[in-house]
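Participant: Right, I'll just put the structure down here and ask away after.
The values are calculated or read from the model by the stated rules, or taken from the named source; none is laboratory data. The model shown is predicted, which means the values in this text are computed figures rather than measured ones. Cβ sites come from the backbone with ideal geometry, for glycine too, and all protein chains shown count toward neighbours. The protein model used for the area step is the full one, side chains on, heavy atoms only, and it has no ligands, DNA or RNA in it. Shrake-Rupley method; radii C 1.70, N 1.55, O 1.52, S 1.80 Å.
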Amino acid sequence: MRWMWPTIGAFCLGAWIYFGNYSGPAGLPLPALGEFVNPTTGFWRNSHPALTQKSNQSITSGGYVGEIAYCEREVPHIFADELLAVVYLQGYTTAHDRLWQMDLTTRAVEGRLAEILGERLLPRDRAQIREGYREAASRASANWAEHFPEEYALLEAYSQGVNDYLAQLQPKDYPIEFKLLEYAPEPWSPYRSALVVKSMAQSLSSRASDVAATYSRQQLGIDRFLDYYPERNPRQSPIISPSVVYDFEPVDTSEGKLPTATISEQGSLSSGLSHQKVWIDGHLSTLLDTAQAPDMRPMRPHPFNGSNNWAVAGSRSGTGLPILANDPHLSLTLPSIWYEIQLTVTDGPSCRGVSLPGLPLIVIGFNQDVAWGITNAGHDVKDWHQISWVDEQHERYYFEGDVLNVSYRYDTIAVKGAEPLIEKTPWTVWGPIVDTAANSQYAWLAMHSLAHETATDRPHGEFGVFRKLLESRSLEEMEAALVGFQDPSSNFVLSSREGDIAMRPSGAFPLRAPGQGKFVLGGDRADYGWAGQIPPEHRPAQVNPRRGFVSSANQRTTAADYPYYYLGGFDDYRGRYLNRKLAQGESFNQRAMKELQQDAYSLLAEELLPLLLARVDRDNLDAEQRNILQLLGDWDYTYRTQSQAPAFFNRWRDRAYRLTVDEIPRDSGYLSIEYWRWIEWLRSEPEHPIFDIQETETRETAARITQRAFDEVLEEWADSQTNWGEERNTRIPHLGRIPGMGSGLITSSGSPYSLNSIKSGHGPSWRMVVEMGSPPEAWGVIPGGSSGNPGSPHYDDGLKEWAAGRYYQLPLRERSTSEGIKARWIFATDN
């Protein structure tokens, strides 16, 4: 026994030496714990006050002069005499607060996560590389440098600011995530900013469903396909109201009327389209003969990526001037996707709002004279082409009667703890071959994506758009700025102190003939491609409408009379409800706008629940079951967090829907049938064959489906009753999903189909309301704080306000203001 404690002590010492000096012990995802827990250089260092609180400093910069004033929430307010200095300081302070977030964002889109997280991320990295995002970012960066040098200079100044901050860091001062994953930050560059741009394009411009549509039509036949998947919801209230008159002559997309496509020096297709009937009716039939159920490999955007934005005119406003509101719905993480900031040029514009870490300027915001907000337009800007290969080697293919060789891009994938790999991706004139696996529906198809294109025939590029918005003083100047906007397609809401409001859907909308892109296209002729883009002057818009408001909530952009064809994924409920509420209101103030942003009412529930309740057999219900029906019958369709009614309704809705569409189950390769189509069947065709359950010998109807779903949910409910907050289970995780660095349960009201569109880990990522005036008054809140450091008091200090529906005031501060300023950084040159 006398040796037991020395033996245990020796064992513990040996274990500590082993775990303390070697990372990844026993295959565990752990750093070398000795260095990690070192009180002077490890994670304790990241809770040191010097790193979590700003202090007054004088900083020697690399040629730029200016000042950053930090308010009580440590939001930076930047002041400088020129815009280049402003964005230099923006890069510096953003790196200070969000360095690891910037690094992870670019690694994720570039396909470099395995380099820091190991082999388990290798499939994701390969998919990103094969979808061409490294190539797309390289093209974009080169395009900016050659064609938009003034914008490229902004990117260089921003990058210098980031790198000057990096230069004075020591490893002990790195953000905790670098220490945990045992790697160091890299220098910033315009290329990495281009990766951030492509990250947003991938998240918001990847709504292509042509592969699934092709498979669905092959399996169902044309009649059932058209019945299950109509393109337009007749109940929708479009973003641009039907009262708008299109007084231009549209580009003719009929056969033989469009320019012939050409192949650029980069080996990509530029434009051209004809022979519409061939590829919709003739060529499609041969594709369908070989369609197969997919192994869905390409990355998919979050199905609820979207937003709300609207503006009311002075005639509908209590102030007599416009009020604008915007709340983009994106993935919720700590730190937030947005970075709150003010940018001020001396004797020039002063702008406040939110930026994206890694990019200069402000994306959503306002200045002294105008305000703007953005929602996702949901347009499909990606097509898939079936290539006509010469042989099974897939190295040569037919195009315009010639045989072309594929080109190859070779990308290195570094893998933590393993040898690097080389990813060899074939490229055609259309774009990359994303997948070659025999069991994939995407096998040997070429992807044609707007994200790969570099437009030069525009007055300015992406950063020119936001520079001009920052400098705008009128609606006309904002509209001129949007001409250069490319991707992702977005709905810009605009308001001005002069009293104007407008909705401007903007982006490079492909010029398609009717039906083009709905299914997989051929690849052997140039006229299967887009005929360029819808001219900017033909983009739909609404300016100062008589109804006194403009709005968008990701619904379809236009009514059926818009003369151009487009595809996409569109919301069916928030937009209609928003328009209803705005039309009903007589006068709005900032409080009413905030309440509307947090409205938890569900139009989907309003339209569906009565149809379900009407089909329940009430004759044989016990007391508990009658109580459930009473609970649902008394519900006002508002998703309050403490209510049980929405929790039961969602389970009943989902069960009845799945029983209805059992012939096309989830992940089967079919297109999903939209809720609105299902509700139309319930309302007007309760005997429709879709209600027949495949596994039974009897013929089911809507009534039998509804009753069966109700009975099944009732059986579960007795043992698993929850309120809506528990059922939804919304939590905001750390960006890297590191345990202990996220939030607890969010108890705010709201649902995916409410204006307050809160889901699990997804929802309003920034709420902003701006009353135009002199000066403007604004309010906003982010579900998080300014800092990306989990040890900082400003890591999540906005989360409680956001969850409670409260806002911070957003004054445009002047340089001389000292009230509310806790610290200043003064930047001077070393001369």
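Participant: Using the Kirkwood radius over C-alpha pairs as Rh, can you work out the diffusion coefficient of the chain via Stokes-Einstein at 25 °C, viscosity 0.890 mPa s, in µm² per second?
Facilitator: Estimated diffusion coefficient is 85 µm²/s.
Participant: Please give the Cα centre distance for the stretch 85-149 versus the stretch 676-750, rounded to the nearest Å.
Facilitator: The stretch 85-149 and the stretch 676-750 have Cα centres separated by 38 Å.
Participant: Excluding ligands and nucleic acids, what accessible area in Å² is computed for Glu151 using a 1.4 Å probe, to the nearest 10?
Facilitator: Ignoring ligands and nucleic acids, Glu151 comes out at about 20 Å².
Participant: Suppose all protein chains stay in the model; what accessible area per residue would a 1.4 Å probe give for the stretch 534-625, in Å²?
Facilitator: 40
Participant: Moving on to the next point. Could you tell me how many cubic angstrom of Cα convex hull volume the stretch 576-674 has per residue?
Facilitator: Measuring per residue, one finds 151 Å³ for the Cα hull of the stretch 576-674.
Participant: Roll a 1.4 Å probe over the protein heavy atoms and report the accessible area of His394 in Å², nearest 10.
Facilitator: Accessible area of His394: about 40 Å².
Participant: For Lys382, list the lysines whose Cα falls under 29 Å from its own Cα; do not include residues on the same chain fewer than 8 positions away.
Facilitator: Result set, ordered by chain and number: Lys198, Lys257, Lys277, Lys424, Lys468, Lys518, Lys759.
Participant: Pop out the carbon and sulfur fraction of the accessible area of the chain as a percent, whole number, probe 1.4 Å.
Facilitator: That fraction is 50 percent.
Participant: Here's a follow-up. Give the ranking of Thr829, Thr428 by solvent-accessible surface, highest area first, calculated with a 1.4 Å probe.
Facilitator: Thr829, Thr428
Participant: Okay, moving on. Between Asp223 and Lys424, 0.36 nm times their residue separation minus their Cα-Cα distance comes to what?
Facilitator: This chain segment gains 68.2 nm when fully extended.
Participant: Another one. Name the lysines eligible as straight-distance cross-link partners of Lys581: C-alpha to C-alpha under 16 Å, and not fewer than 8 places from it in the same chain.
Facilitator: Lys594
Participant: Still on this structure: Please name which of Gln170, Ala614, Leu421 has its Cα lying farthest along the dipole of the chain towards the positive end, using unit charges on Cβ (Lys, Arg +1; Asp, Glu -1) and the Cα centre as origin.
Facilitator: Positive-most Cα among the choices belongs to Gln170.
Participant: So how much accessible area does Glu249 have, in Å² to the nearest 10, using a 1.4 Å probe?
Facilitator: 150
Participant: Could I ask something else about it? What is the diffusion coefficient of the stretch 598-647 in µm²/s, taking the Kirkwood radius over Cα pairs and the Stokes-Einstein relation at 20 °C with a viscosity of 1.002 mPa s?
Facilitator: 182
Participant: Taking just the alpha-carbon atoms of the stretch 513-625, what radius of gyration and Dmax come out, in angstrom?
Facilitator: According to the Cα coordinates of the stretch 513-625, Rg and Dmax are 21.6, 68 Å.
Participant: How many times 2.2 N^0.38 Å is the alpha carbon radius of gyration of the stretch 680-831?
Facilitator: 1.68
Participant: Separation between the Asp561 and Leu404 pseudo-spin-labels, each 7 Å from Cα along Cα→Cβ, expressed in nm?
Facilitator: Modelled inter-label distance: 4.1 nm.
Participant: Add +1 for every Lys or Arg and -1 for every Asp or Glu among the other residues with Cβ under 11 Å from the Cβ of Ala502, and state the total.
Facilitator: Local charge sum for Ala502: -2.
Participant: Something else about it: Counting only Cα atoms, I'd like the Rg/Rh figure for the stretch 660-740, Kirkwood definition for Rh.
Facilitator: Rounded to two decimals, Rg over Rh is 1.11.
Participant: Moving on to the next point. Using only alpha carbon positions, build the gyration tensor of the stretch 775-818, then give the equivalent ellipsoid semi-axes as the square roots of 5 times its eigenvalues, largest first, whole angstrom.
Facilitator: Whole-Å semi-axes of the equivalent ellipsoid: 22, 16, 6.
Participant: Please pull out the direction-averaged projected area of the stretch 350-464, using the convex hull of its alpha-carbon atoms, in nm² to one decimal place.
Facilitator: 12.3
Participant: Counting only Cα atoms, I'd like the Rg/Rh figure for the stretch 466-579, Kirkwood definition for Rh.
Facilitator: 1.01
Participant: Which of rounded, prolate or oblate describes the stretch 122-188 when judged by the alpha-carbon gyration tensor and an a/c cut-off of 1.5?
Facilitator: Oblate.
Participant: How would Lys800, Lys518, Lys822, Lys54 line up by accessible area, probe 1.4 Å, largest first?
Facilitator: My answer, sorted largest first, is Lys800, Lys822, Lys518, Lys54.
Participant: Please work out, to two decimal places, the log10 of the ratio I(q)/I(0) at q = 0.27 Å⁻¹ from a Debye calculation in which every Cα of the stretch 717-761 carries one identical scatterer.
Facilitator: Debye intensities relative to I(0), on a log10 scale: -0.94.
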